[in-house]
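For reference, the structure is listed below as structure tokens.
The values are calculated or read from the model by the stated rules, or taken from the named source; none is laboratory data. Bear in mind the structure is a predicted one, so any value in this text is a computation, not a measurement. Here the Cβ positions follow ideal geometry from the backbone for every residue, glycine too, while neighbour counts run over all protein chains shown.
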Amino acid sequence: MASYETLLLERRDRVALITINRPAKLNALNIQTRTEGAAALDELRDDDSVRVVVITGAGEKAFVAGADIAEFEGRTSITQRDVMAARSLFTAVDTFPKPVIAMVNGFCLGGGCELALSCDLRIASENAKFGQPEINLGIIPGGGGTQRLTRLVGEGKAMELILTGDMIDAQTAYRLGLVNAVVPAADLEAKTMEMAGRIAEKSPVALRLAKEAVKTAARSSLDEGLRREIDLFALCFSSEDKDEGVRAFLEKRKPEFKGR
Ligand code: COA
């Protein structure tokens, strides 16, 4: 297992927990954190014992309060472009072949909101705050915020959040469909781990194909998406997990999925 300076990585049964660990800077994403985050996902991708990944922030106050603004000072556009074009943490999460859940425990701003948006599910504590405040710095979201937020909540609300830079609370985020559930802070970890554990019992093959199929919806025409869905559905029929799932149902027992 690799060791990381800016994040903690734990395995709990079939669920891996990545904690962005820069609480004194509200877990702001600097270059090292992004690089280590992508490396941790590389490690977990190849680990068959891990079926679901949860990402959270250290401390009581923040999930991630954005890109590390200190790194912006004096940076040229060419350097900034190189930084963003280098392997992106957001893309690494988005394309990760297992479900990724954001456990949002406080400020979820800018690049933090974009990180949560790259995840497949978002569970928030009641005290979480969401926003894309880049406009206040004279910049715009650059980690997928203008695209993923718009796809998730619609153009009107995305435009409002991005143009005003205003923060919204967890209940408002829930009403917009930005988060899947809001729970009291004290229950956040238990609720998230319970959901992660339930998903981890499913077939890893089916989870992977389901994630790919759902992500295709926002990236293709309806006809292309429906064709892709049939292909991915048919692909399930080459897995031992499909045989096990069907047999277990007919034998009235719980399936034991192996990920093959
Ligand atoms: N990048 C770098 N450092 C950050 C940061 C960021 N995105 N967000 C917070 N920090 C640092 C603060 O500079 C401060 O460091 P210091 O103690 O060395 O001065 C520390 O984290 C604590 O933050 P602080 O601002 O004192 O906490 P607060 O409770 O008063 O305010 C926020 C919390 C989230 C409202 C405020 O930190 C903030 O606006 N952060 C920036 C959010 C943002 O614009 N993100 C998008 C970036 S593109």
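Remarks
- Selection count where residues are of a type in the set (A, V, I, L, M, F, W, C) and either more than 16 Å from the ligand (Cβ to nearest atom) or loosely packed, with under 15 Cβ neighbours inside 10 Å (or both), scope region 40-68: 8
- Residue within region 201-209 that is touching a Phe, Trp or Tyr at 6+ places or on another chain (Cβ under 8 Å), within 12 Å of the ligand (Cβ to nearest atom) and at negative phi present: no
- Evaluation of residue 92 against the conditions (1) at pLDDT below 95; (2) assigned to a helix (DSSP H, G or I); (3) away from the ligand (no atom under 16 Å from the Cβ) shows that the sole unmet condition is (1).
- The one condition in (1) more than 17 Å from the chain's Cα centre (by Cα); (2) assigned to a helix (DSSP H, G or I); (3) of a type in the set (Phe, Trp, Tyr); (4) surrounded by 14 or more Cβ atoms within 10 Å (Cβ to Cβ) that residue 174 fails to fulfil: (1)
- Some residue of region 115-133 being of a type in the set (Lys, Arg), closer than 13 Å to residue 179 by Cβ and within 13 Å of the ligand (Cβ to nearest atom): yes
- Taking the numbered list (1) within 26 Å of residue 259 (Cβ to Cβ); (2) modelled with pLDDT under 95 in turn, residue 230 passes all entries but (2).
- Some residue of region 78-92 being crowded, with 24+ Cβ neighbours inside 10 Å, over 25 Å from residue 210 (Cβ atoms) and not basic (Lys, Arg): no
- Scanning region 134-145 for residues that are touching a Gly at 6+ places or on another chain (Cβ under 6 Å) and either outside any loop (DSSP other than H, G, I, E, B) or away from the ligand (no atom under 11 Å from the Cβ) (or both) yields 134, 135, 136.
- Considered as a group, the residues in region 69-89 that are more than 16 Å from the ligand (Cβ to nearest atom) and among the small types (Gly, Ala, Ser) include one that is nearest to residue 21 (Cα to Cα), and that residue is 86.
- Region 1-39, residues that are more than 22 Å from residue 109 (Cβ to Cβ) and surrounded by 15 or more Cβ atoms within 10 Å (Cβ to Cβ): 4, 9, 14, 15, 16, 39
- Pairs, first within 14 Å of residue 52 (Cα to Cα) and part of a helix (DSSP H, G or I) in region 205-216, second among the small types (Gly, Ala, Ser) and modelled with pLDDT of 95 or more, C-beta under 8 Å, six or more apart: 205/239; 206/239; 206/245
- Taking the criterion of being more than 16 Å from the ligand (Cβ to nearest atom) and not in a strand (DSSP E or B), the residues of region 1-33 that qualify are 1, 2, 3, 4, 5, 13, 14.
- Checking 191, 252 one by one, the residue that is in contact with a strand residue (DSSP E or B) (Cβ under 6 Å, 6 or more places away or on another chain) and among the charged types (D, E, K, R) is 191 and no other.
- Output for region 175-224, where each listed residue is within 20 Å of residue 118 (Cβ to Cβ) and touching a Ser or Thr at 6+ places or on another chain (Cβ under 6 Å): 188
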